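All remarks here apply to the structure that follows.
The values are calculated or read from the model by the stated rules, or taken from the named source; none is laboratory data. Remember, it's a predicted structure, so these values are computed and weren't measured experimentally. Here the Cβ is made from the backbone with ideal geometry for all residues, glycine too, and neighbour counts use every protein chain on show. Accessible surface is based on the protein model in full, side chains and every heavy atom, while ligands, DNA and RNA are left aside. Shrake-Rupley method; radii C 1.70, N 1.55, O 1.52, S 1.80 Å.
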Amino acid sequence: QVQLVESGGGLVQPGGSLRLSCVASGSIFSILDMGWYRQVPGKQRELVATISSGGYTNYADSVTGRFTISRDDAKNTVYLQMNSLKAEDTAVYYCNADIKLGKWRPSANYWGQGTQVTVSS
């Protein structure tokens, strides 16, 4: 019923920038919190940044000052602008969202399929 599709990943040199996008589609009534997480092989998935429906943002210490999360509710889209990228930012980045399918229904949590970001010279 609901799909989250990420785009914008790729290979970038250290110090470079990338912008990730995630579009939610399906029978959506409203989207609450949205966020980005990342995972490298052998490690747990970790929070990168979140943004509430009211625009409140939260960042992992490792990306504060370099990454910016934003959302466009008219497009059901969340973005992650990544600047000053480092090799340690290399990971699969996943989109996450809490979505309501009806006014009186509780929200459910959804994940995208992930997009690879590789920072290397």
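Taken about its Cα centre, the chain carries a charge dipole of about 180 debye when Lys and Arg each add +1 at the Cβ and Asp and Glu each add -1 at the Cβ. Take the chain with all the other protein chains still there, run a 1.4 Å probe, and you get 54 Å² of accessible area per residue.
Pairs of alpha-carbon atoms within less than 8 angstrom and 6+ residues apart define the contacts here; what relative contact order does the chain have, in percent? Answer for the chain is 37 percent. Extension gain for residue 87-residue 100 works out to 1.0 nm (0.36 nm per residue, less the C-alpha to C-alpha distance).
Here's the list of lysines a cross-link from residue 103 could span, going by alpha-carbon distance under 28 Å and ignoring same-chain residues fewer than 8 apart: 75. What a 1.4 Å probe finds exposed on the range 1-67 is 48% carbon and sulfur by accessible area, rounded to a whole percent.
The trypsin sites (Lys or Arg not before Pro) of the range 65-116 that meet both conditions, a loop assignment by DSSP and at most 11 other Cβ atoms within 10 Å of the site Cβ, are 103. Only one residue of 48, 16, 29 has its Cα farthest out toward the positive end of the dipole of the chain, where Lys and Arg carry +1 and Asp and Glu -1 on Cβ, and that residue is 29.
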